[in-house]
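The values are calculated or read from the model by the stated rules, or taken from the named source; none is laboratory data. The structure presented is a predicted model; accordingly, all values stated were derived computationally and were not measured. Because the Cβ atoms are built from the backbone with ideal geometry, glycine has one as well, and the counts that use them run over all protein chains shown.
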Amino acid sequence: MIKEVTDAHEVEARIGKLRLLEALLFASTEPLDEETLAGRIGPEVGLLLEELRAHYAPRGVTLVRTGGGWAFRTAVDLAPELRREEEVSRKLSRAAIETLAIIAYHQPVTRGEIESIRGVATSKGTLDLLMEHGWIRPGKRRETPGRPLTWITTDHFLDHFGLETLRDLPSVDDLRAAGLLDSRPVLLGLGATADDSALGTGDET
Amino acid sequence: MIKEVTDAHEVEARIGKLRLLEALLFASTEPLDEETLAGRIGPEVGLLLEELRAHYAPRGVTLVRTGGGWAFRTAVDLAPELRREEEVSRKLSRAAIETLAIIAYHQPVTRGEIESIRGVATSKGTLDLLMEHGWIRPGKRRETPGRPLTWITTDHFLDHFGLETLRDLPSVDDLRAAGLLDSRPVLLGLGATADDSALGTGDET
Amino acid sequence: MADLLAEHEADTAAPVAAVAEESASEQLLLVLDGFEGPLDMLLALGRDQKVDLTRISILELADQYLTFVAEARKVRLELAADYLVMAAWLAYLKSRLLLPEPEGEEPSGEDMAAALAFQLQRLEAMKGVAEKLFARPRLGIDLHPRGAPEDLDLRRKSVYEVTLFDLLRAYGQQRARKESGVLHIAPVRLYSMEEAVQRLSSLLGRMPDWATLASFLPGGEGGGLLTRSALAAHFAATLELAKAGRVELRQEGAFAPLYVRGREAGSRDGDISEEAQSHD
């Protein structure tokens with residue numbers, strides 16, 4: 001008898017937590033990290049998240065994991081019906097798109113390395129723009145002469161492109177296996193501005 | 001036989017519409033009225049809305065009718081646990097951001113020095129605010145006449161901005177290279193007389 | 001060469017394809033515009049070999065690039081320095097590949113060729129993944145977050161919303177403002193009309209006969225802008241003085257030299273036109 005009552009209590013408590021978790025995630029636009037959620041829900045939050053994810057999987061709104069956080073997003077397969085045109089002003093140049101890809105796959109990467117990979121100076125405003133989108137940010141300085149600044153991607157980058165972690169970047173394993181994620185400059189005279197120690201003079205085009 | 005196949009199709013179409021309805025309501029910034037929804041979903045939207053409402057009724061998120069429209073809201077009974085606070089994301093004033101940036105880059109720095117860099121007086125409230133927020137704290141006194149207090153940033157500052165050390169702040173040259181130090185030379189026509197080299201490096205806002 | 005252009009019409013699409021019978025130089029210009037630097041262009045040339053980039057002929061690629069650059073220069077197209085640097089490097093690489101290897105510390109021609117091939121593959125790979133990345137369903141375009149978030153005090157992370165970008169931008173703008181403050185101090189020497197009126201008044205007394213306006217201008221120091229501003233100021237000054245009845249002006253036709261004469265020494269109204277005609 002007593003056992004049963006306890007179970008009923010447990011079930012109720014569990015449902016209460018699930019509802020709270022659902023509400024917390026639903027109310028926020030930004031992903032919430034598991035630690036924050038655990039602080040509100042308790043240590044069993046991992047299991048509850050999985051339960052919620054399973055419940056929402058077939059629905060029009062799904063629970064996704066991205067960069068250590070969890071967020072509700074509209075279902076991927078509804079994209080054609082929900083598609084919003086990208087604002088023309090937000091469209092990125094080819095240079096910006098390539099630069100973002102290079103930062104994503106080679107991070108942490110210095111500006112000089114980006115330039116040596118592309119074989120062309122990074123035009124002013126490219127990194128600025130990517131940072132304004134919230135996709136990249138400065139990382140640690142490289143402990144080499146000149147101590148150049150490195151660039152890395154943000155959690156928002158993962159969120160924007162629907163990635164759970166950087167390991168989910170398209171083809172990343174293949175590229176690594178093929179040795180193509182080596183960011184060292186290989187040719188002298190190519191991307192001649194690739195001297196990080198002289199960044200101050202590295203103004204271009 | 002034929003009847004059954006038709007039913008399966010109908011069921012599928014119905015589920016598709018429910019999912020789209022769910023996604024539309026989720027992603028909308030405003031409550032959506034039935035007419036608008038009927039335009040996207042079809043005339044049966046009223047029934048589908050009721051079905052959704054019933055599905056969500058016991059959950060942490062509920063579908064409510066508000067004004068003339070429908071919207072998802074976190075469940076009313078969870079309000080105490082969600083504990084809303086009005087002042088979650090206030091914008092920091094421009095003066096405060098600038099002052100914080102100057103302290104970060106020039107620390108240890110006295111209030112007088114901050115004012116001379118900014119070219120305007122710093123209200124005491126600005127430093128108080130930054131200190132209250134845990135981003136700055138008083139450093140040593142400067143051993144100059146008057147022994148003015150200097151200001152430095154805290155570990156919380158690094159934490160908030162995702163920096164490991166102060167050395168990871170981009171240098172002025174990095175800022176310039178990233179396009180964040182916006183230098184637009186103007187008055188090029190006048191460059192003919194006056195010192196060209198001085199004008200060439202000149203900036204305008 | 002023509003093949004090359006045709007290939008790029010397909011590759012870089014609209015702007016190039018639209019041009020049918022333009023001059024060679026304009027076509028070249030358009031082709032170059034489609035590239036993000038010499039490496040990008042080499043990659044496009046490499047793709048034209050229609051083989052796997054790992055089996056690409058670097059020698060052939062170098063030849064194609066050098067031909068392209070030579071053509072471009074023939075039509076007196078100004079090529080960016082990095083295109084020329086690349087051309088010089090490729091010419092050197094070619095010589096290293098064709099001639100027997102000299103003794104020494106230098107990397108061998110084959111090593112250099114392999115390094116170039118690697119760079120091309122790496123750039124190709126990055127272009128490929130950039131495309132894949134942007135083909136993914138994107139937040140705010142293909143999928144959407146909660147449209148009407150409810151503010152919850154969740155993380156207690158910060159009352160104020162300020163990002164590293166905000167901080168850096170504020171500092172950058174502050175620095176830019178400061179640098180611009182220095183700019184304004186730079187003196188700009190221009191000739192004012194007041195100066196010109198004074199100067200003309202004092203000179204006219206000593207020049208009773210017709211003289212060109214140019215002969216009143218101050219001497220050569222200062223150069224371009226100062227001289228132009230002096231001319232403008234003196235012209236305006238003569239109009240001002242003529243209005244005050246202190247000088248007479250004469251000009252034979254549009255853009256012809258402008259003649260000036262002082263009018264104080266008792267000249268009568270009537271003979272202005274006669275004077276003018278007598279000079280014809």
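Summary of computed values
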{"quantity": "Residue match in the stretch A:53-74 (condition: over 18 Å from A:GLU164 (Cβ atoms), within 13 Å of chain B (Cβ to nearest Cβ) and in contact with a strand residue (DSSP E or B) (Cβ under 6 Å, 6 or more places away or on another chain))", "calculated": "no"}
{"quantity": "Entirely in the stretch B:27-141, the strands (runs of 3 or more DSSP E) that have 2 or more residues that are out of contact with any Asp or Glu (no Cβ under 9 Å at 6 or more places or on another chain)", "calculated": "B:61-66, B:136-141"}
{"quantity": "Hits in the stretch C:59-81 - residues which are within 20 Å of C:LEU120 (Cβ to Cβ) and away from chain A (no Cβ under 14 Å)", "calculated": "C:LEU59, C:GLU60, C:ASP63, C:GLN64, C:LEU66, C:THR67, C:PHE68, C:VAL69"}
{"quantity": "Selection from the stretch A:118-138 of residues that are more than 14 Å from A:ILE103 (Cβ to Cβ), within 7 Å of another protein chain (Cβ to nearest Cβ) and in contact (Cβ under 8 Å) with a residue 24 or more places away in the chain", "calculated": "A:GLY119, A:VAL120, A:LYS124"}
{"quantity": "Filter result for the condition that a residue is closer than 30 Å to C:GLU150 by Cβ, surrounded by 15 or more Cβ atoms within 10 Å (Cβ to Cβ) and at pLDDT 90 or above, over B:LEU100, B:LEU92", "calculated": "B:LEU100"}
{"quantity": "Residue check for B:GLU81: in contact with a helix residue (DSSP H, G or I) (Cβ under 7 Å, 6 or more places away or on another chain) and free of Cβ contacts under 8 Å to residues at least 60 places away in the same chain", "calculated": "yes"}
{"quantity": "Residue in the stretch B:149-161 that is among the polar types (S, T, N, Q), surrounded by 14 or more Cβ atoms within 10 Å (Cβ to Cβ) and part of a helix (DSSP H, G or I) present", "calculated": "no"}
{"quantity": "Residue identified as more than 8 Å from chain A (Cβ to nearest Cβ) and without any contact (Cβ under 8 Å) to a residue 24 or more places away in the chain among C:LEU133, C:LEU84", "calculated": "C:LEU84"}
{"quantity": "Tabulated pairs, the stretch B:100-115, first within 15 Å of C:ARG175 (Cβ to Cβ), second among the acidic types (Asp, Glu), C-beta under 7 angstrom, 6+ apart or interchain", "calculated": "B:HIS106/B:GLU113"}
{"quantity": "Single condition A:ARG141 does not satisfy, out of (1) in contact with a Lys or Arg (Cβ under 6 Å, 6 or more places away or on another chain); (2) within 11 Å of chain C (Cβ to nearest Cβ)", "calculated": "(2)"}
{"quantity": "Candidates C:LEU66, C:LEU59, C:LEU90 - the one that is in a helix (DSSP H, G or I) and either touching a Ser or Thr at 6+ places or on another chain (Cβ under 7 Å) or over 20 Å from A:VAL120 (Cα atoms) (or both)", "calculated": "C:LEU59"}
